[in-house]
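Working notes, structure below.
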Amino acid sequence: MEYKNYHFELTEQGVAVVLMDRHDEAMNTLGEEFVRELAIVVDRLEQPDVKAVVIGSAKKDFLAGADIKMFTDMEADETAVEALQALHEIYDRIEALHQVADKPVVAAITGACLGGGLELALTASMRICTDTAQLGQPEVQLGLIPGAGGTQRLPALVGIQNGLQMIVTGRPVRPYKAKKMGLVDEIVPTEKLLDIARKRAVEAIGTQQSKDGIRSKLRVAAIKDMALEGNPAGRKMLFKKATEMMVAETGGNYPAPRRAIEAIQIGIDHGRAAGVAAEIRFFAELVETPESAALRSIFFASQELKRDTGIDSHVDPLDVDTVAVLGGGLMGGGIAAVSAINAGVNVRIKEIDDAGVGRGLAYVDRVVSKRAKRRRMSEFEVDQIMNRVTGSTTWDGFERTDLVIEAVFEDLDLKRSIVKDVEAVVSKDTIFASNTSTLPITEIAKASNRPDKVVGMHYFSPVEKMPLLEVITTEKTSDETTATAVAFGKRQGKTVIVVNDGTGFYTSRVLGPYTNEAGFLLAEGASVEDIDSAMKSWGFPIGPLLLGDEVGIDVGAHISEIFLDAFGDRMKGPDMMAALVADDRKGRKNGRGFYIYDKGERKGVDDSVYGVLGLGAPKGMARSEIQERLSMAFLNEAALCLEEGILRSARDGDIGAVFGLGYPPFRGGPFWTIDTMGADVVVNKLDALAAKHGKRFTPAQILRDHAESGERFRT
Ligand code: NAI
């Protein structure tokens, strides 16, 4: 029989080899038709001539989980329960092949084995994977929980602690760790995967192994070896601890991890059937939550950005093989690291002296060593990468660079003189990118003889961890230059948005009114704790005052002057910066700021800061007021950036805020938040704030327009 999405072969020994190969997508994902046909494949596997089964993939990846679009349909039609029950039924039948019919089932896993993919693999009696495999239940990242048995079969196989860890964090595991926890039985080279899987299937026919599967592992691995999990009191403690950790990490803003813990616990306490029922019920409930809708929107937006070239024309990007990074400090070191490690290009770090070169090289070395230590990289790869990075204090060899990224001090004159120096030594095709965080690229490009080759590449600290790159174009930047910066950013592993030039571009600019407002709140009697804890509980990783300490209060003071110049009174803060700087408060870097630092470690709030600011003891302020004023300041500025054409789209504004600034992912980004609240509600709030606190809250015209038309920013 021919299948549309599966290859089927029955060997002479009776091993049915099923290779998944979704016909309409490059990747295997669980779509409606794919699932329906799986049921037909299972009919065939239940025939008596099949003695054993191998389930693998004809593609690079095993099965990457559900086609996320399916969730949106489920949400709209409220069909989640039926869809999940149908999937459960099919998965149960695969499990019954070995549990009931004594036919060993071997999952042969390559590449991504995620979500519904891992849940399929969990139904097998044995799992073999290649060393490139990635196994995980990432559903919580979409505001969901595993819905095809993962909350039950995974902890049963790998133990409660490992199961909780994987499901509650959503982080996938690599083969080595998977083997250690009993998730896979064997790791094999890719080219041997199917041969070995077939062999293991044949060996297991007629032996106890075909039946062993989950039940034996539950006895052996999950209970006996883990004393804590073996008794009710220990288990209760485990769940309590997991819940506490989850709340500490998420601020309790995410319903999915909580439900995941509950579903696992119900299964452990009341048995598989009760656990499955809870899993399905919770999933159906979660798919309807605004948090899940927001998280899914971010997923779709970042997928779209992967395909976005950053330009509207069809110009090809230039090849980039050799990159020079000017400045080997915090940012330059990070940029060099991701260029050498992820993009795999040759990198030359140029600094003013040998010490600077040493700092830059040491940064790359630190990042590489950390990955090697976590077994993410072999010694050989480490050597290869380090061989690609060189340092210098001269311009030697610059004629061969395709792209120069400067990350020297934030000083317009310095950056301009560097443009001139670079253009004197590079070829006419070399692109010049600046990592400035605020200076308009147009101003820097004024020093250039070929402004079409000048672009902004704004990274975030720490570069090797932060996912965003904001590419900034001026009126003169050519499409070829933009496309090259975008393509190279993607090779560095970044999600890239392209914005038009302007003071602070997008990501730095939206923080302007937000941090100013924090100052106003402080001046009106809110305490540092009130402000920072309010925004943390709103979902930001840190509050605005701690952010000030992290960025550097001196840097912030400098930026606020630039913003005041560029935007006028709208960006005028409460005149606090000067007093803080005069008191030598630079934040974390000199251990003096809104908080107290002891040997680099942050302690409590530094209460003397109120005196320095000429304020009395704080009176306190309601959390809701702080949250409303700060969030509205942020949303309004984001809308202004769209209105003025700084942003190309609301989508980019959402991704920029979430990936670059830690805007709460469960709120989907500022524009998603506005859509969720309703632009009319936002306008009313802003009008009320403007009446009370001044013109700085005047709503953007684009908000009024959307309020009137009812149009959404995101679709
Ligand atoms: P940093 O002070 O850590 O590093 C700057 C480095 O540039 C120093 O090592 C210095 O020796 C070197 N340098 C100065 N003049 C030079 C020259 N003429 N040639 C070669 N090297 C030279 O500063 P950081 O934080 O790395 O900032 C660099 C740039 O990145 C600035 O424009 C900053 O605004 C921007 N930026 C900083 C972010 C941050 O979080 N620190 C975030 C995004 C952008």
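Ile145 fulfils the conditions (1) assigned to a loop (DSSP other than H, G, I, E, B); (2) open to solvent by less than 10 Å² (accessible area, probe 1.4 Å); (3) in contact with a strand residue (DSSP E or B) (Cβ under 7 Å, 6 or more places away or on another chain) except for a single criterion, (3). Taking the criterion of being within 15 Å of Val471 (Cβ to Cβ) and acidic (Asp, Glu), the residues of region 305-324 that qualify are Asp308, Asp312. Can you tell me which residue in region 436-449 is modelled with the lowest pLDDT, limited to those that are of a type in the set (Val, Ile, Thr) and open to solvent by less than 20 Å² (accessible area, probe 1.4 Å)? The qualifying residue modelled with the lowest pLDDT is Thr438.
Scanning region 342-364 for residues that are out of contact with any Gly (no Cβ under 9 Å at 6 or more places or on another chain) and more than 16 Å from the ligand (Cβ to nearest atom) gives Gly344, Val345, Asn346. Comparison of Ala337, Ala355 shows that the only residue that is of a type in the set (A, V, I, L, M), more than 17 Å from Ser461 (Cα to Cα) and in the same structural domain as Met457 (by TED's automatic domain parsing) is Ala355.
For every residue, the table says whether it meets (1) in a helix (DSSP H, G or I); (2) modelled with pLDDT of 95 or more; (3) of a type in the set (A, V, I, L, M, F, W, C).
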site: Asp73; (1), (2), (3): yes, no, no
site: Ala76; (1), (2), (3): yes, no, yes
site: Glu89; (1), (2), (3): yes, yes, no
site: Val106; (1), (2), (3): no, yes, yes
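Scanning region 387-435 for residues that are under 31 Å from the mean Cα position of the chain (by Cα), at pLDDT below 95 and crowded, with 16+ Cβ neighbours inside 10 Å yields a single hit, Glu410. Residues in region 632-647: is at least one open to solvent by 60 Å² or more (accessible area, probe 1.4 Å), touching a helix residue (DSSP H, G or I) at 6+ places or on another chain (Cβ under 8 Å) and either in a helix (DSSP H, G or I) or not assigned by TED's automatic domain parsing to the domain that holds Val681 (or both)? Yes - at least one qualifying residue is present in region 632-647. The set of residues in region 606-626 being of a type outside the set (A, V, I, L, M), open to solvent by less than 30 Å² (accessible area, probe 1.4 Å) and in contact with a helix residue (DSSP H, G or I) (Cβ under 6 Å, 6 or more places away or on another chain) is empty. Only one entry of Val368, Val338, Val357, Val364 meets the criterion of being surrounded by fewer than 22 Cβ atoms within 10 Å (Cβ to Cβ) and assigned to a helix (DSSP H, G or I), and that entry is Val357. Contact map, region 1-29: residues that are farther than 16 Å from Ile55 by Cα paired with residues that are among the basic types (Lys, Arg) and open to solvent by 70 Å² or more (accessible area, probe 1.4 Å), Cβ distance under 6 Å, separation 6+ or inter-chain. Pairs shown: His23/Lys4. The requirement of being under 15 Å from the mean Cα position of the chain (by Cα) and touching a residue at least 60 places away in the same chain (Cβ under 8 Å) is satisfied by Thr495. Tell me whether region 582-591 contains one or more residues that are farther than 22 Å from Ala657 by Cα and open to solvent by less than 20 Å² (accessible area, probe 1.4 Å). Yes, because at least one residue in region 582-591 is farther than 22 Å from Ala657 by Cα and open to solvent by less than 20 Å² (accessible area, probe 1.4 Å). Comparison of Lys685, Lys603 shows that the only residue that is of a type outside the set (A, V, I, L, M, F, W, C), open to solvent by 40 Å² or more (accessible area, probe 1.4 Å), more than 20 Å from Val498 (Cα to Cα) and in contact with a Phe, Trp or Tyr (Cβ under 8 Å, 6 or more places away or on another chain) is Lys603.
Screening the candidates Lys60, Lys51 for the property of being among the charged types (D, E, K, R), at pLDDT 95 or above and crowded, with 17+ Cβ neighbours inside 10 Å yields one hit, Lys51. Does any residue of region 510-527 turn out to be on the phi > 0 side of the Ramachandran plot and not hydrophobic (A, V, I, L, M, F, W, C)? Yes: one or more hits. Residues of region 316-334 that are more than 16 Å from the ligand (Cβ to nearest atom) and among the β-branched types (Val, Ile, Thr): Val320, Thr322.
For Phe299, the conditions (1) surrounded by fewer than 20 Cβ atoms within 10 Å (Cβ to Cβ); (2) in the same structural domain as Asp396 (by TED's automatic domain parsing); (3) touching a Leu at 6+ places or on another chain (Cβ under 7 Å) all hold with the exception of (2). The set of residues from region 163-174 being of a type outside the set (Gly, Ala, Ser) and buried (at least 23 other Cβ atoms within 10 Å of the Cβ) comprises Leu164, Met166, Ile167, Val168. Just so you know, in region 543-565 the residues that are away from the ligand (no atom under 16 Å from the Cβ) and among the aliphatic types (A, V, I, L, M) include one that is nearest to Arg696 (Cα to Cα), and it is Leu564. What do you reckon, is Gly327 modelled with pLDDT of 95 or more, farther than 28 Å from Asp421 by Cα and open to solvent by less than 50 Å² (accessible area, probe 1.4 Å)? In short, no.
When you look at Val42, is it of a type outside the set (D, E, K, R), in a helix (DSSP H, G or I) and either open to solvent by less than 20 Å² (accessible area, probe 1.4 Å) or not assigned by TED's automatic domain parsing to the domain that holds Ala101 (or both), yes or no? Judged against the criteria, Val42 is a match.
When region 396-411 is filtered for residues that are within 10 Å of the ligand (Cβ to nearest atom) and not in a strand (DSSP E or B), the ones remaining, listed by number, are Ala407, Val408, Phe409, Glu410, Asp411. Annotation note: of Ser302, Ser292, Ser297, Ser313, the sole residue that is away from the ligand (no atom under 16 Å from the Cβ) and either out of contact with any helix residue (DSSP H, G or I) (no Cβ under 7 Å at 6 or more places or on another chain) or in a loop (DSSP other than H, G, I, E, B) (or both) is Ser313.
The values are calculated or read from the model by the stated rules, or taken from the named source; none is laboratory data. These figures come from a predicted structure and were not determined experimentally. Note that we place each Cβ from the backbone using ideal geometry, even for glycine, and neighbour counts take in every protein chain shown. For accessibility, only protein heavy atoms count, side chains too; no ligands or nucleic acids. Shrake-Rupley method; radii C 1.70, N 1.55, O 1.52, S 1.80 Å.
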